[in-house]
Amino acid sequence: MRRYFVTTFGCQMNAHDSERIKGMLEELGLGEAQSPDDADVVVFNTCTIREKPDTKLAAHLGEAGARKRERPDTVVAVGGCYAEAQRERIFSLYPQVDVAFGPGTIGHLAEWLGAGGEGVARGAWGTGEERTFAATLPAHRERRFQAWVQISMGCNSVCSYCIVPAVRGREVSRRPGEIIAEIASLADSGVREVTLLGQNVNSYGRDLGTDFARLLREVDAIDGIERIRFTSPHPKDFRRPVIEAMAECAAVCEHAHLPLQSGSTRVLKEMRRTYSRDRYLRLVDEMRAAIPDLALTTDLIVGFPGETEDDFRETLSAVEEAGFDGAFTFVYSPRAGTEAAARTDQIPDDVKRDRIERLVEVVQRVAAERNASRVGAVEEVLVEGASRTDPLLLSGRTRRNTTVNFAGDAHVGDLVAVRIERATSTSLAGAQAVVYAV
Ligand code: SAH
Ligand code: SF4
Ligand code: F3S
């Protein structure tokens, strides 16, 4: 049997696309290899949000090139955002690449690879083509009880640092009927938690005469779906109806990942985020008032062009004021073709490094305090498997999306009650109390 190996970079959108890529390769009769060394078809589903994933990909493609010299019939396919960004150059940059395709065109993978991955025409090309939702393709899901569901593709924002609109295109919403049908069938097959995916879930449906709040309520009404998550909402579009839907729908989890990016209104303006620090913090207050126990996480960038020490300190103080439960922190990385990359006031690397270290310290301290406040509470945990740190323990996540390692005897996919005994900045630990009656 011919075998494939898929390496995934980037966001949940890509992780979800990789499930479809794997599903399609399996339909072609390929089996999953244990490592790229054993694979006849190696696929890289790429990200180009910052320079780092580009560099990592270069190393991986170097290894793939070496394997291909030993076994010339190995097929190397590169999909995702980097492939789309480099569509003019990818075959000259990386002669070992046989097939390249962009996000949103994975439905054609079978044609490009030929049946069973044989007879590939080198240079088969799938970037820049009309995009379609991958949702109707076969999928190889990693977890039986949890699923990602794509609700839109592309992004209509113009954040001045971001490459995503250039590689993922304009925003298109998926028809609500299709989304609901997919989730209903996932629920029938045992899925209890869904994560709705889009670059800006809060602008969902504008092109179809519906909206995100309505979608949340419709998903909430599906039998068997006990947890609904979504990522990412854009603060500019987080309106009252969505807050109300979050507060009123039993299945919608008490967690929002709400990317702030910077705590300085001046920098936010230059980032073209279209909200101010004050407006963001007011939104946080409004959400916390409506949704008791809400967990808030965020994305933050340091070293945006022109960012002063004072701007940066505003980011630090915004972390304290908002009281984030966690944050992904990034050093600004100039992306070719974006507005911010063309600026001449780029911040030196050593200043960026200093700022990211100071930011991580504050983020960790605030998150540790937030988690410590859960000690003594009983949390509902969806069991995901054995703990990564201690195989004798189980691991799962709370509705607030915090990882909990705990002693217990539950099965994967169970919802259990766990008494929280200890906390770090990134996780909780405890012991199983009673099993929820569900
Ligand atoms: N659509 C999502 C974000 C997708 S990218 C949203 O707007 O919420 C994920 C995160 O990567 C962004 O929130 C931002 O914090 C970060 N990011 C994007 N472009 C970046 C760049 N050029 N340099 C550093 N971080 C960046
Ligand atoms: Fe990028 Fe901004 Fe769109 Fe998010 S909202 S994908 S940061 S352009
Ligand atoms: Fe990366 Fe593309 Fe996601 S650039 S972060 S994989 S949308």
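The values are calculated or read from the model by the stated rules, or taken from the named source; none is laboratory data. Since this is a predicted model, take the numbers as computed values, not measurements. Don't worry about glycine lacking a Cβ; one is built from the backbone with ideal geometry, like all the others, and counts go over all protein chains shown. SASA here: full protein model, heavy atoms, side chains in, ligands and nucleic acids out. Shrake-Rupley method; radii C 1.70, N 1.55, O 1.52, S 1.80 Å.
Can you name the helices (runs of 4 or more DSSP H) wholly within segment 152-264 that have at least 2 residues being within 16 Å of ligand 1 (Cβ to nearest atom) and within 27 Å of Cys47 (Cβ to Cβ)? Qualifying helices (runs of 4 or more DSSP H): 164-168. The residue of segment 1-10 that is farthest from ligand 3 (Cβ to nearest atom), among those that are assigned to a loop (DSSP other than H, G, I, E, B) and crowded, with 17+ Cβ neighbours inside 10 Å, is Arg2. Checked against (1) crowded, with 21+ Cβ neighbours inside 10 Å; (2) over 14 Å from Ala295 (Cβ atoms), Asn371 passes all but a single condition, namely (2).
Restricting the search to segment 189-212, which residues are more than 15 Å from ligand 2 (Cβ to nearest atom), open to solvent by 10 Å² or more (accessible area, probe 1.4 Å) and more than 17 Å from the chain's Cα centre (by Cα)? Ser189, Gly190, Arg192, Asp207, Leu208, Gly209, Thr210, Asp211, listed by residue number.
Just one of the listed residues (Ala213, Ala221, Ala187, Ala166) is in the same structural domain as Met287 (by TED's automatic domain parsing) and at pLDDT below 95, and it is Ala166. Looking only at segment 351-398, residues that are in a loop (DSSP other than H, G, I, E, B) and more than 13 Å from Ser427 (Cα to Cα) come to 6 in all. Within segment 71-89, the set of residues being open to solvent by 40 Å² or more (accessible area, probe 1.4 Å) and out of contact with any Ser or Thr (no Cβ under 7 Å at 6 or more places or on another chain) comprises Arg71, Pro72, Asp73, Glu88, Arg89. Beta carbons closer than 8 Å, at least 6 apart along the sequence or on distinct chains, pair a first residue in segment 132-143 that is more than 17 Å from Gln12 (Cα to Cα) with a second that is open to solvent by 40 Å² or more (accessible area, probe 1.4 Å) for Pro138/Glu26; Pro138/Glu27.
Among the candidates Ala327, Ala431, Ala417, the residue that is in a strand (DSSP E or B), under 21 Å from Val267 (Cβ atoms) and either in contact with a strand residue (DSSP E or B) (Cβ under 9 Å, 6 or more places away or on another chain) or open to solvent by less than 40 Å² (accessible area, probe 1.4 Å) (or both) is uniquely Ala327. Applying a threshold of 7 Å to beta carbon distances and a minimum spacing of six or more residues, or different chains, the list of pairs starting in segment 318-335 at a residue that is outside the structural domain of Leu281 (by TED's automatic domain parsing) and ending at one that is of a type in the set (Asp, Glu) is empty. Here Glu361, Glu286 are screened, and the one residue that is surrounded by fewer than 19 Cβ atoms within 10 Å (Cβ to Cβ) and within 24 Å of Ile243 (Cα to Cα) is Glu286. Is it fair to say Gly337 is on the phi > 0 side of the Ramachandran plot and within 16 Å of ligand 3 (Cβ to nearest atom)? For Gly337, the condition - on the phi > 0 side of the Ramachandran plot and within 16 Å of ligand 3 (Cβ to nearest atom) - is met.
Among the residues of segment 126-144, are any at pLDDT 90 or above, farther than 19 Å from Arg3 by Cβ and β-branched (Val, Ile, Thr)? There is no residue in segment 126-144 that is at pLDDT 90 or above, farther than 19 Å from Arg3 by Cβ and β-branched (Val, Ile, Thr). Given the structure, is Asp345 assigned to a loop (DSSP other than H, G, I, E, B) and within 27 Å of Arg143 (Cα to Cα)? So Asp345 fails the test.
When the test is whether a residue is at pLDDT 95 or above and closer than 28 Å to Asp414 by Cα, Leu196 passes it.
Considering segment 221-235 alone, what residues qualify as being in contact with a Pro (Cβ under 9 Å, 6 or more places away or on another chain) and away from ligand 3 (no atom under 16 Å from the Cβ)? Talk me through it step by step, then tell me what you get.
Applying the first criterion (in contact with a Pro (Cβ under 9 Å, 6 or more places away or on another chain)) to segment 221-235 yields 232-235.
Matches in segment 221-235: Pro235 only.
Evaluate segment 131-140: report whether one residue or more is in a loop (DSSP other than H, G, I, E, B) and within 16 Å of ligand 1 (Cβ to nearest atom). Looking for residues that are in a loop (DSSP other than H, G, I, E, B) and within 16 Å of ligand 1 (Cβ to nearest atom), one finds none in segment 131-140, hence no. Taken over segment 29-57, the residue count meeting the criterion of being more than 16 Å from ligand 2 (Cβ to nearest atom), out of contact with any helix residue (DSSP H, G or I) (no Cβ under 9 Å at 6 or more places or on another chain) and part of a loop (DSSP other than H, G, I, E, B) is 3. Restricting attention to segment 41-70, the residues being more than 16 Å from ligand 1 (Cβ to nearest atom) and open to solvent by 20 Å² or more (accessible area, probe 1.4 Å) number 10.
The combined condition, being under 26 Å from Phe238 (Cα atoms), surrounded by fewer than 16 Cβ atoms within 10 Å (Cβ to Cβ) and of a type outside the set (Gly, Ala, Ser), is fulfilled by Arg170.
Mind telling me which of the residues Glu26, Glu84 ends up being within 16 Å of ligand 1 (Cβ to nearest atom) and part of a helix (DSSP H, G or I)? I'd like the intermediate steps shown before the answer.
On the way: Glu26 fails: within 16 Å of ligand 1 (Cβ to nearest atom).
Exactly one residue qualifies, and that residue is Glu84.
Quick one: would you say Asp293 is closer than 25 Å to Phe238 by Cβ, at pLDDT below 95 and not aromatic (Phe, Trp, Tyr)? When the stated conditions are applied, Asp293 passes them.
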